[in-house]
Amino acid sequence: MKTHTYKVDNQHIANIIDFSIFKNQDNILVQVFCGHDKSFLQEIIESIKDSLPRAHCIGTTTDGEIEQSNIYTEHTIISISIFEHTQLQSAYANNKDSFQNGIDIAKELISDDTKLIIAFTDGTSSNGEAFLKGVESVNPDTIISGGMAGDNGQFIQTYVSHGSKIFAEG
């Protein structure tokens, strides 16, 4: 696996990321950590999906972003990981019940070969602990990383993204 990390502020993403270096790759995971508003997140994920249509793109709004040893607020960090021997899958679930969301995601994504789930949940209506317990009820041995979305400490509305869509819940 090789990972490239980019910090994007108000510049156009194509001025920061040379997408041509990823064009011939098959197993691409793009993670977007956005400290800006929903419209900026939408612009970013649409540019990514236009440039890398086969990539699995997941994202979240944040209450702080980390790049290497630096911590920021109100920035956007994009992580592009290329896998050689790993098959990627992505999914989205939106039940009103966080435990059931965990079950639904686990049933869709976990197989005998699954090593890890990276999960983002919204931070305003989801219960992170219930979500994790839902995943665990399907397979207690699966490693889970990720976190809950933030909104720069406002506690009003957070967002997660899957593909080129943004969701307020799920």
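The values are calculated or read from the model by the stated rules, or taken from the named source; none is laboratory data. Because the structure is a prediction, the values reported are computed rather than measured. Cβ atoms come from the backbone with ideal geometry, glycine included; neighbour counts cover every protein chain shown. SASA here: full protein model, heavy atoms, side chains in, ligands and nucleic acids out. Shrake-Rupley method; radii C 1.70, N 1.55, O 1.52, S 1.80 Å.
Pairing each residue of the range 18-39 that is of a type in the set (S, T, N, Q) with any residue that is open to solvent by 70 Å² or more (accessible area, probe 1.4 Å), provided the two are 6+ apart or on different chains, yields C-beta distances under 8 Å for 27/84; 27/87.
Please pick out the residue among 77, 16, 48, 44 that is over 15 Å from the mean Cα position of the chain (by Cα) and among the β-branched types (Val, Ile, Thr). Let's see the steps before the verdict.
Working: 77 fails: over 15 Å from the mean Cα position of the chain (by Cα); 48 fails: over 15 Å from the mean Cα position of the chain (by Cα); 44 fails: over 15 Å from the mean Cα position of the chain (by Cα).
Answer to the selection: 16.
Pull up the range 1-33, narrow it to residues that are charged (D, E, K, R) and not in a loop (DSSP other than H, G, I, E, B), then point me to the one that is nearest to residue 82 (Cα to Cα). Here the answer is 2. Being among the small types (Gly, Ala, Ser) and at pLDDT 95 or above is a condition met by no residue of the range 151-160. Checking each residue in the range 60-85 for being farther than 25 Å from residue 13 by Cβ and among the hydroxyl-bearing types (Ser, Thr, Tyr) picks out no residue at all. Among the residues of the range 14-29, are any modelled with pLDDT of 95 or more, over 25 Å from residue 105 (Cβ atoms), of a type in the set (Lys, Arg) and surrounded by fewer than 14 Cβ atoms within 10 Å (Cβ to Cβ)? No: the range 14-29 contains no residue that is modelled with pLDDT of 95 or more, over 25 Å from residue 105 (Cβ atoms), of a type in the set (Lys, Arg) and surrounded by fewer than 14 Cβ atoms within 10 Å (Cβ to Cβ).
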